[in-house]
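Notes follow the structure.
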Amino acid sequence: MVFPGNIWDQLKNLTAGDLAKALKKDGWTRDTRGGSQYIYRKVSLSPKRVSIHFHPGKTYGAKMLSGLLGDIGWTEDDLRRLKLIK
């Protein structure tokens, strides 16, 4: 997923907890399986599934975060709506 530099500056401090809260707020439900790997599902016209590595307080590297956001499918407007960016 390609975002402008000012967006990445805001996302680089996104923690696993922040991402999990945003997924829940957006209607994703957490599967009960997984240990440190949280699996989220969203039922819609085209069901989606995403797996995040959850380590409290840890942030993601640029490549990992880019891949996660691409899998989730959030746009800049979605990130603003979920208050992940300003």
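Each part reduced to its alpha carbon centroid, region 46-86 and region 1-20 end up 8 Å apart.
Measuring from a point 7 Å past the Cα of Ile39 along Cα-to-C-beta, which residues in region 64-80 have an amide N at less than 20 Å? Residues 68-73 fall inside that zone.
Which aspartates and glutamates, if any, have their Cα less than 18 Å from the Cα of Lys86, not counting same-chain residues under 8 positions apart? Cα-Cα hits under 18 Å: Asp9, Asp18, Asp26, Glu76, Asp77, Asp78.
Bear in mind these aren't lab numbers, they're just calculated from the coordinates by the rules spelled out. Remember, predicted model here, so these are calculated numbers, not experimental data. All Cβ positions, glycine included, derive from the backbone under ideal geometry; neighbour counts span all protein chains shown.
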